[in-house]
Every structure is written in C-alpha cells, then in structure tokens.
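Next up is a structure, given as structure tokens.
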Amino acid sequence: RPRRPGRLEKKLQGRLAEERTRFAVARPLRLMFQDEARFGRISDVRHCWQKKPHRPVVKAMVTQQYAYAYGAISPADGRFDSLILPQVNGKCMQLFLDEVARRYPDENIVMVLDGAGWHKSPFQLADNLRLIFLPPYAPELNPQEHVWDELREKSVHNRAVDSLEALEAPLAPGLSQSENQPKKMQSLTGWA
C-alpha cells in the first residue's frame, strides 16, 4: 500500500508553496538542503583490508586544526554544491549562500538549514534565494548528512596529515567528485 506522508512532509510542501509566492520573479523552484562539516587533523580511523597474516596499521593523531566544508544538495536531481572555508560563522555562510545563488541564476532556491547560530545571522540574500529551518534536534531530516558520511568514508579516512593544506588535498577532490556525480548524489540523498 502507498506510504502516507508524515507531518513534516505536509508542512514542507506548504512552506514551499508559501515561499514560491514570495519570489519577485517566477522561475523554476529548486529545493536544497544545506549543512557544514568539520574536517580536522584528528584522524578518522575506519576499517580497512589487509592480506593475511598482516594487520593494517593506521597512524592516529589529535591536533586541533580544522577546515570546514559547506555543502548543499538538491535531492531531486542530485546537484551538489560545496566550498571549503576556514570557519563556521555568518561571514563564511554569506559567502556560501552567495555562491549557490550565483550558480543557479535561472532558478529560485529554497534552502533548508538546521538551527545553528550562524544560520540565523542577518544575511543579505540574493533575489533568488530563501531560507527555511528544520525542526530543532532533527539532523536525520537533512539529506546533506549522508553526503558527509560518504565523504568521510571514501575520501578522508585513515590519514594523518601534517597541515591543513594536506588535509584539503583529499577533501577538495572528494567534494569535486561529488559535485560531478549527480546520479550518485541523487541515489544517496533522494529518499522519500
């Protein structure tokens, strides 16, 4: 039997219809989900394979230096946009929002975010961008979280690096590869 939509899905559809009327110019609507992820010089140890009888050896380190990946996914078509920035704050978030709005000049974007403090900064939003917020304490409702899990699993695990530049060496291509694989991103994030 068909699955009945939950309360959040009903609310989201209503919010999208409401936001659609607030855009000055009628254009196709793009729904995106946004989040940030911290990647640091703390090694992310994962399981790996090694031929018998050897045991895999993975270096571990704890250093308090981080780079932050900002990302937004459109689950309907798998389009993913990202930037690596030095901090999570209103100024960096403004840079990211401006970049996403610039990449989709012929579409109106409704971006869903969590309630992080810097997400509520007084942004200067582009004409084609509106923000709505997830309910508190509900990261499972954000499909962008699956992109971060995939990136941590495939691109930045089992590494000990000497600098933030060395950390960004696998992170940047991993983000770029995700941006260039919309079908994979759609299958990863396009759940009901």
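The values are calculated or read from the model by the stated rules, or taken from the named source; none is laboratory data. Everything numeric here is computed off the predicted structure, so don't read it as measured data. We place every Cβ from the backbone using ideal geometry, glycine too, and count neighbours over all the protein chains shown. Heads up: the accessible areas ignore ligands, DNA and RNA and are worked out on the full protein's heavy atoms, side chains in. Shrake-Rupley method; radii C 1.70, N 1.55, O 1.52, S 1.80 Å.
Once both labels are modelled 7 Å past Cα along the beta-carbon direction, what's the residue 13-residue 163 spacing in nm?
According to this spin-label approximation, the distance is 5.3 nm.
Spelling out what I want: for every residue of region 23-37, take phi, set θ = phi - 60°, compute 6.51 cos²θ - 1.76 cosθ + 1.60 (Karplus), and round to whole Hz; glycine and proline get x.
6, 5, 10, 6, 9, x, 9, 10, 9, 10, 10, 10, 6, 10, 9
How much FRET efficiency would the formula 1/(1 + (r/R0)^6) give for residue 22 and residue 65, where r is the Cβ-Cβ distance and R0 is 41 Å, rounded to 0.05? Spell out each step's value before the answer.
Details: r = 41 Å, r/R0 = 1.00.
Efficiency for this residue pair is about 0.50.
Just to verify a number: FRET efficiency for residue 118 and residue 183, C-beta to C-beta distance, R0 = 41 Å, to 0.05?
Details: r = 32 Å, r/R0 = 0.78.
Computed FRET efficiency for residue 118 and residue 183 comes out at 0.80.
From the Cα gyration tensor of region 85-137, with a ≥ b ≥ c the square roots of its eigenvalues, which class applies: rounded if a/c is under 1.5, or else prolate if a/b is larger than b/c, or else oblate?
Numbers: a/c = 2.16, a/b = 1.28, b/c = 1.69.
Because a/c hits 1.5 or more and a/b fails to exceed b/c, region 85-137 counts as oblate.
Would you check the accessible area of residue 155, probe 1.4 Å, heavy atoms only, in square angstrom rounded to 10?
Estimated to the nearest 10 Å², residue 155 gives 20 Å².
Let me ask something else about it. Kindly provide the chymotrypsin sites (Phe, Trp or Tyr not before Pro) of region 75-153 that DSSP labels as loop, not H, G, I, E or B, and whose Cβ sees at most 14 other Cβ atoms within 10 Å. List each step's numbers first, then the result.
Details: sites: 80, 96, 118, 123, 133, 137, 148; in loops: 123, 137.
Those that pass, being in a loop and sparsely packed, are 137.
Could you give the length gained on full extension between residue 126 and residue 87, defined as 0.36 nm per residue of separation minus the Cα-Cα distance, in nm? Numbers along the way, then the final one.
Numbers: separation 39, 0.36 × 39 = 14.04 nm, distance 2.19 nm.
Computed gain between residue 126 and residue 87 is 11.9 nm.
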